[in-house]
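The values are calculated or read from the model by the stated rules, or taken from the named source; none is laboratory data. From a predicted model like this one, the values you see are computed outputs, not experimental measurements. Here the Cβ is made from the backbone with ideal geometry for all residues, glycine too, and neighbour counts use every protein chain on show.
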């Protein structure tokens, strides 16, 4: 469920993420398409800046579980421990870490594609 967009922003979802309205596979800045991604997957953003371990990873895991396979989650964080924790989450839960970027001393950006949900049995 989406809530109205914040002033100058994208609509907020009920789980604290932002639906960017973009489709994974297309670079909106250049118009280039990443053929490795599906054209129907949606992109969402989770900002966990200001939260400390273990909260950034717990929140990311919760959102990733709610996404359809191949949907992309962009995670914005300020805790340096996420540099190791987000890749470990991806490896453990079957998600794909597309990239991670250090944008300053305490600013990190991750792009994760949700994997298939494990069989509950």
Within the stretch 77-101, of all residues that are outside any helix (DSSP H, G or I) and under 12 Å from the mean Cα position of the chain (by Cα), the one surrounded by the most Cβ atoms within 10 Å (Cβ to Cβ) is 77
Kindly check whether there is at least one residue in the stretch 45-62 that is in contact with a strand residue (DSSP E or B) (Cβ under 6 Å, 6 or more places away or on another chain), touching a residue at least 40 places away in the same chain (Cβ under 8 Å), closer than 15 Å to residue 116 by Cα and surrounded by 18 or more Cβ atoms within 10 Å (Cβ to Cβ).
no
Could you list, in sequence order, the residues of the stretch 107-121 that are assigned to a loop (DSSP other than H, G, I, E, B) and either touching a strand residue (DSSP E or B) at 6+ places or on another chain (Cβ under 9 Å) or modelled with pLDDT of 95 or more (or both)?
114, 115
Residue 73 vs. criteria touching a helix residue (DSSP H, G or I) at 6+ places or on another chain (Cβ under 7 Å), at pLDDT 95 or above and under 16 Å from residue 113 (Cα atoms)
yes
